[in-house]
Amino acid sequence: MDLSQVLQIVSRSDAGMVRSHNEDAVFANAACGLAILADGMGGYNAGEVASGMATTLLGSEIEKAFAKTEPHQLDAAGKLHAHSVLEAEIARANTAIYQAAQSQPQYAGMGTTLVVALFYDNMMTVAHIGDSRLYRLRGGEFQAITRDHSLLQEQIDSGMITPEEARHSQNKNLVTRALGVDPTVEPEIRDYDTMPGDLYLLCSDGLNDMVEDEEIALTLQALSANLELAATQLIQTANDSGGRDNVSVVLVRIVREYPAARGWWARLLQWFK
Amino acid sequence: MAAKLILSMDGLVLKEIPLTKERTTIGRKPHNDIQIDNLAISGEHSVIVTILNDSFLEDLNSTNGTYVNGQPIKKHFLQNNDVVELGKYKLKYINETPTQTTAADFEKTMVLRPDLMKKTAEQTAAKSSSMSDTQVGMKAIDTHAGMAPPAQATPPATAPAPQAMPTGAIQILTGANAGKELELTKNLTTLGKPGVQVAVITRRPHGYFITHVEGANFPVVNGTALDAHPRELKDHDVIELAGIKMEFFLKS
């Protein structure tokens, strides 16, 4: 199903004010309902290689996988095809990055965070690893959908520190999961319903470390009529606040409903469109 | 550099204790890491849990309590220069890593795995930065001259100017609301009618900028229509938007 009329997607990535390299990578394909963001890590240019591999591999492979079977269909085990594909492709990308890191000394230790949003059948499946985030603006409510796989989030969850204290912590940027650093990785995969008018934001920590959530929400609300400008503005705000890290955003707006075509008649209709 | 505690009584420094262990116990009994042999101190009085650069102090239901900066606490996230009081004894918490060294390096994301934990701890200790930088974010006092649109490159950073930029405001000149004034205290202020014509004024460290958001017509500043790019607003610029004229000015 072609979602290019249903989803409005804008992506931006910027090196920031301090770094010379941009180790973030973004990928978006409105037609197949896919948005990907990765924040690479590792010396020299290894971070760029890891995040670039992740977005490129996942982008092309996921698109291919859904050319044959639609994401909402169930496989033999009763599992959503979307989940099977995400799991399999993330595992493959992990192996590819891990092997590159093992075989080439200049890439040793490289890895990347990952957040993937896949839209189909009036819903969204989100897979994430590490501290890149997905937020949702629905009506006036702005909230984080993903929870970081980071030391800080674990400390907050265990009640050791409050979110307020976390803002002052020096243990930022320590992720507990990453793609490509171990032979296997466990992505967190969850499903959410979407509604027309929803605005989704995928971002690297260069945004949410530099800009408070309220400020991000205000920007999205004020500029929701112009996603290009909203994305530019978010990056500019992060840079105006110091821009100490690479900053990337992908904005996805749901324009209208997009139920999957189910019966034969629906497929016929689809065919005539 | 690891965080440390300076133990003192009546202003006399008794001891300096580096926080190198994950758990540092404080109490009267000899098995404690920091033994304070005084009857006002409970056998097991309190404990400090240190994880990389962060230390947490917890009172272990002591008889006389644990105080930080004069307030009784049960659990406390220690900040540089906090003074912990147990009876007559004072423990000053010193963690100087934040303010120094390169901020940028610390921002790098790292993976945390048990086998790397030690190494990571050393690295972060060497390269940490004060996150309070982030807090001031929105009031940013920086002077990134390079960030200005090329057309109006700001003059070379006039030294790190700590004073805030004057607040901008808009006064409506025509229409039903003529005479009304709107202070631009937020980083983003939208003007106009949604669905018809909207523009946004952004407040940035080096000035105010107006950008077109939506609508077929673009805002007009001093008689010239904007293009898709932001335009810096100067004192007393006249803006026309959705048929309304308004003046931008800087408050002194």
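What residue among A:VAL185, A:VAL18, A:VAL255 shows peak mean-square fluctuation when chain A is described by a Gaussian network model with Cα springs under 10 Å?
A:VAL18
What 222 nm value per residue comes from the helices of chain A, counting each DSSP H run with n ≥ 4 as -39,500 (n - 2.57) and dividing by all residues, nearest 500 deg cm²/dmol? Please list the in-between numbers first.
On the way: 8 runs with 94 residues, N = 273.
The helix-only estimate for chain A comes to -10500 deg cm²/dmol at 222 nm.
Of B:LYS29/B:LYS90; B:LYS29/B:LYS88; B:LYS15/B:LYS92; A:LYS172/B:LYS74; B:LYS193/B:LYS251, which ones are farther than 20 Å apart at the Cα?
On the way: B:LYS29/B:LYS90 18 Å; B:LYS29/B:LYS88 17 Å; B:LYS15/B:LYS92 11 Å; A:LYS172/B:LYS74 25 Å; B:LYS193/B:LYS251 26 Å.
Distance filter (> 20 Å) returns A:LYS172/B:LYS74; B:LYS193/B:LYS251.
By DSSP, what percent of the beta bridges with both residues in the range B:17-77 are antiparallel, rounded to the nearest 5?
Details: 16 of 18 bridges.
Taking every DSSP beta bridge within the range B:17-77, about 90 percent pair in antiparallel fashion.
Give me the compactness ratio for the range A:208-250, meaning the Cα radius of gyration over 2.2 N^0.38 Å.
Working it through for the range A:208-250, the quotient is 1.05.
Roughly what would the spin-label model give for A:ASP2 and A:GLN221, points 7 Å off Cα along C-beta, in nm?
Placing both labels 7 Å beyond Cα along the Cβ direction yields 3.7 nm.
Answer rounded, prolate or oblate for chain A, using the Cα gyration tensor with square roots of eigenvalues a ≥ b ≥ c: rounded when a/c is under 1.5, else prolate when a/b is larger than b/c, else oblate. Write out the running numbers ahead of the final one.
Details: a/c = 1.71, a/b = 1.25, b/c = 1.37.
Verdict is oblate for chain A.
Say R0 is 25 Å: what FRET efficiency, to the nearest 0.05, do A:ALA88 and A:TYR192 get from their beta-carbon distance?
Details: r = 21 Å, r/R0 = 0.84.
With R0 = 25 Å, the Cβ-Cβ based efficiency is 0.75.
Every number here is computed from the coordinates shown, using simple stated rules; none is lab data. Everything numeric in this text was worked out from a predicted model, so none of it was measured. Here Cβ is always computed from backbone atoms with ideal geometry, including for glycine, and neighbour counts include all displayed protein chains.
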